[in-house]
Amino acid sequence: MSDLKEKLKLLPDSAGVYIMLDKEGTVIYVGKARVLKNRVRQYFHTSDKPAKVRSMVENIADFSYIVAPSEVDALALENTLIKKYKPKYNILLKDDKTYPYIKIHTREAFPHISITRRIKKDGRYFGPFMGGINCKDVVDIAAKAYHIRTCNTPIGKAKKPCLNYHLKRCLAPCAGYVSEEEYAERVEKTIAFLSGNYEDAERLLKEKMQQFAEEEQFELALATRDKIAMLKRLGGRRITSMPRDVDADVWAISSNGLYAAVSLLVTRKGIMQGARTFSLEEGAGEKREAFTSVLTQYYSAHEVPHEIILGADADDELIANYCKEKRDRNLFVTRPKMGVKKELLDMAERNAKEYLDKSVSQIRHKNDMTKNACERLHTLLGLQRYPKRMECYDISNISGVDKVGSMVVFTDGETDKYEYRRFKIRTVEGADDFASLQEVLERRLSKLGTEEEERFQKPQLIVIDGGKGQLSAVKEIFDRLGIADIDLVALAKQEEEVFTLNSPESVRLEKSDYALRTLQRIRDEAHRFAITYFRNLHSKRNLSSVLDEIEGVGKQKRVALLEKFKSIDKIMQAGVEELTSCEGIGKELAVRIRDHFQKL
């Protein structure tokens, strides 16, 4: 503690980010400060602290800090570090879902319309479409009503028009059938339609439906009727007293001291686009600071509207400045007291409270399956430290062909798919799983202590699919590389025994124990990931050579299988009954084929 007191004296008066570390050097909290000296000292000098903050402070063994040019830069850096380290005491908004937008490619002479999930500064975007309305249907309406093109064919030398022109869904600018001025008018009407002016599109569609009916093209008439019905559903989402030029996100948060729920309502052009609700664990920061962090995490990856409507306390000016500097969007933060915006805020607050009330038991169950399970593994297996990052490895091949390895990662007991890695086995001849496992682990662990460790962070625990043999094989790599600060265990499939380096005897956990279930989940995920990679590689090879490996499958039967199933992947997944339906394949051979592919 004396060392910490000395470091506290050296803190600067600048804005920046502070990083709290435990005795293992693990990042447990990241925060930003307008004045680092004042903010960090509060943790150690203020006696009256919430329970979560007290728990964090008790675990602080060291801290570091990074000076930033401004508080906005500190907020951006805090957001980056939270996503990178996933600290135990920070609120982490686990929102990897992206929503589709409709894009008008306005930089083109004859703009086309498309669906995208990525927003750039190269066109007009409409959305997000968050449920209930299919983006493809909206694009289809635009094409039918205004004949705007949906392809990205370069416009230059005149070409023969495609089917869309003959179906009256496009004016064929590629064939030179429309002037740039006339097409620009269609684009403007399309933009008005996507901005919420549905009346004109509905009128045009009704005219088309009538025309199709008169021409006795009844299927086209019925399809057009369905589009008109969808337009009415879109119109039903309009908030009648909301101005049509308002793009706003409405945020509310509800907390019980341990857990929290955040509700988001999205409105664009006065139309309700949809809603999201997130469940969170309370962090160790102040509520104002925590909610500011949630908003920053969200808008670092999503579209920034013109306005956000808040009820809970947050640093309004800082959020607006962040969105201006980092996302290049002017943002207005409002806290309404009456009117339609207050009604929307009340709705969001009710959603957050109801979601929290209903989901507390689910959140607790999730914690049992994740963080609490990791704590139990720490205790039951005698691990050196809490296994915040677990990596699991598996090998997949058939008779030594297309050997691959997989690495999957769980962070705090949850899948961390961005960290997954795949390996092609380079040096091993034949079907030697032990040697393949050693190659994969040596290639992975050799990155530790190098510049690449920034991308491949050191795990606290490595899990191997197998028993004592696999454990010993990987231990050889640990010894060769001098690794002693990473725990190593193996999970044997048959009896689900856990082998560790601490004892020659296996550890047997109850089948209902969340700790065992976590090991099983990461083992099964590594197996799935390896098989997927193997099949992708295997299907690219000469299909006949794969079937040649199976006794009893000659040229005729090989041709029959490929004609029926079309791909090796479908043959690999077929059951005995499906295989016997193929000409020349009896039950005994079908069993042999199935067993061959199940050796994975």
For the charge dipole of the chain, defined by +1 on Lys and Arg C-beta atoms and -1 on Asp and Glu C-beta atoms about the Cα centroid, which residue among 179, 377, 437 has the Cα displaced farthest towards the positive pole? 179
Highest mean packing first, using Cβ neighbours within 10 angstrom, the peptides 172-178, 161-167 sort as 172-178, 161-167
Whose amide H sits under 5 Å from the amide H of residue 16, counting only residues 5 or more places off or on another chain, with H placed in the peptide plane? 33, 36, 68
Magnitude of the charge dipole, the stretch 32-103, Cβ model with Lys/Arg +1 and Asp/Glu -1, debye to 20: 140
For the chain: relative contact order, % (alpha-carbon pairs under 8 angstrom, 6 or more apart): 8
Cα-derived Rg to Rh of the stretch 212-357, Kirkwood definition: 1.13
How high is the relative contact order of the stretch 258-341, in percent, with contacts defined as C-alpha pairs under 8 Å that are six or more residues apart? 23
With only helices counted (DSSP H, runs n ≥ 4, each -39500 (n - 2.57)), the per-residue ellipticity at 222 nm for the chain, to the nearest 500, works out to -14000 deg cm²/dmol
In whole Hz, with x marking every Gly and Pro, tabulate ³J(HN,Hα) for the stretch 574-587 from phi via Karplus 6.51 cos²θ - 1.76 cosθ + 1.60, θ = phi - 60°. 6, x, 4, 4, 5, 5, 5, 6, 8, 4, x, 9, x, 5
Charge context of residue 137, other residues only, Cβ under 12 angstrom, K/R +1, D/E -1: +2
My understanding is that a pair violates if its Cα-Cα distance is over 32 Å; which of 84/353; 37/447; 7/52; 342/417 do that in this structure? 37/447; 342/417
Give the separation of the Cα centroids, the stretch 311-388 to the stretch 444-497, in Å. 34
What is the magnitude of the charge dipole of the chain about its Cα centre, with +1 placed on the Cβ of each Lys and Arg, -1 on the Cβ of each Asp and Glu, and no other charges, expressed in debye to the nearest 20? 1080
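Given a cut-off of under 8 Å on Cα pairs at least six residues apart, what relative contact order in percent is computed for the stretch 256-306?
Numbers: 38 pairs, mean separation 14.8, N = 51.
Answer for the stretch 256-306 is 29 percent.
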Roughly how many percent of the accessible protein surface of the chain is carbon and sulfur, given a 1.4 Å probe and a whole-percent answer? 48
Just one of [x] 1.03; [y] 1.42; [z] 1.00 is Rg/Rh (Cα atoms, Kirkwood Rh) calculated from these coordinates, so which is it? [x]
Reachable lysines, given that their alpha-carbon falls under 28 Å from the alpha-carbon of residue 159 and they are not under 8 places away in the same chain: 103, 136, 144, 168, 189, 208
Amide H contacts of residue 332 (H built 1.01 Å from N, under 5 Å, at least 5 apart or other chain): 307, 308
Of 193, 139, 575, which is farthest along the charge dipole of the chain in the positive direction, counting Lys and Arg as +1 and Asp and Glu as -1 at C-beta? 193
Taking only Cα atoms of the stretch 450-534, what ratio of Rg to Rh do you get with Rh as the Kirkwood inverse-distance radius? 0.99
For the stretch 140-214 and the stretch 5-83, distance of Cα centres in Å: 57
Under the Karplus relation with 6.51, -1.76 and 1.60 and θ = phi - 60°, whole-Hz ³J(HN,Hα) for the stretch 346-358, x at Gly and Pro, equal 4, 4, 5, 5, 5, 4, 5, 5, 5, 5, 5, 4, 7
Under the Karplus curve 6.51 cos²θ - 1.76 cosθ + 1.60, θ = phi - 60°, whole-Hz ³J(HN,Hα) for the stretch 318-335, x wherever Gly or Pro sits: 5, 4, 4, 5, 4, 5, 5, 7, 9, 10, 6, 9, 6, 10, 10, 9, 10, 10
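Restricting to bridges with both residues inside the stretch 359-506, how much of the DSSP beta-bridge set is antiparallel, in percent to the nearest 5?
Expressed as a percentage, antiparallel bridges in the stretch 359-506 total about 70.
The values are calculated or read from the model by the stated rules, or taken from the named source; none is laboratory data. These numbers come from a predicted model, not from an experiment. Don't worry about glycine lacking a Cβ; one is built from the backbone with ideal geometry, like all the others, and counts go over all protein chains shown. For accessibility, only protein heavy atoms count, side chains too; no ligands or nucleic acids. Shrake-Rupley method; radii C 1.70, N 1.55, O 1.52, S 1.80 Å.
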